[in-house]
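The values are calculated or read from the model by the stated rules, or taken from the named source; none is laboratory data. These numbers come from a predicted model, not from an experiment. So basically every Cβ, Gly included, is an ideal-geometry build from the backbone, and we count neighbours across all protein chains shown.
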Amino acid sequence: MTSPDSQSPTPPPAEPESKDRVYRSAPAIAGGVMLLGIAGWLGVDAVISGEGRTPWLALALLLLVVPLVVAFTLRPAVYAGADRLRIRNPFRIVVVPWGQVASLRSAYSNEVLTESGAKYQLWAVPVSLRARKKAARREMRATAQARRQMGRDGGRGSALGTTEGLRQGFSREPLSDGPVRAETDRIMDDLRGLHEARRQAESARGEVTVRWAYEVLAPAVAGAVLVLILVALG
């Protein structure tokens, strides 16, 4: 009979793998769903009530339009993992290990630049100049409010005669956790932080891979060819 002490120890449970952070554009998804609904409504109506070549032309247009709408609205996404950045753009999937990322740049579009000099746009994280202006106005209001509060609490600190009065004056809950930023700018800050933390990791090395999205390109090209044929036939 085997004693309990002679039994092999139970191995510790494996730590769950960290899931990728997924970033997508909610306005783009909403717009894509709306466009697909309109295209489907018009296309089905043309197929049912159309005459002659109209139903076939409607089907060809749907075959062309639907993949393009999906590609530019529903498809784009950015997956940020511990070892790599996977970018799903309308017509390509780009996988960039963190060790190959040179920088993440924000201007009129958000882009990732690789060590080899290649540049890939992050379609799922679009730049909104309107959101940036709105965030800048909020930051200005928060700064003005902080200065007014400093003026009130500074006087009380002077009355106490020490800097402890200032500390007591500022002990209330802060107005914000930091500078006011647009949502996509905060996402880029998160990606930059993850890049800084993981770019030296051994598992974050590798080569950049790019794959074309033939599942989107093939039906769109087929639809365009059919539309040209039907139009040429009159």
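Scanning segment 1-41 for residues that are hydroxyl-bearing (Ser, Thr, Tyr) and modelled with pLDDT of 90 or more, we see that the one that is surrounded by the most Cβ atoms within 10 Å (Cβ to Cβ) is Ser25. Scanning segment 98-106 for residues that are part of a strand (DSSP E or B), surrounded by 15 or more Cβ atoms within 10 Å (Cβ to Cβ) and of a type in the set (S, T, N, Q) turns up at least one hit.
Pairs linking a residue in segment 213-234 that is touching a residue at least 12 places away in the same chain (Cβ under 8 Å) to a residue that is β-branched (Val, Ile, Thr) and surrounded by fewer than 17 Cβ atoms within 10 Å (Cβ to Cβ), with Cβ atoms under 8 Å and 6 or more positions apart or on different chains, are Ala213/Ile93.
Examine segment 193-210 for a residue that is within 29 Å of the chain's Cα centre (by Cα), under 26 Å from Leu68 (Cα atoms), at pLDDT 90 or above and exposed (fewer than 12 other Cβ atoms within 10 Å of the Cβ), and state whether such a residue exists. No - not one qualifying residue is present in segment 193-210. Pairing residues of segment 26-54 that are touching a residue at least 60 places away in the same chain (Cβ under 8 Å) with residues that are in a helix (DSSP H, G or I), at Cβ distances under 7 Å and at least 6 apart in sequence or on separate chains, gives Ala28/Thr73; Arg53/Leu230. Within segment 53-87, the set of residues being surrounded by fewer than 19 Cβ atoms within 10 Å (Cβ to Cβ) and basic (Lys, Arg) comprises Arg53, Arg86.
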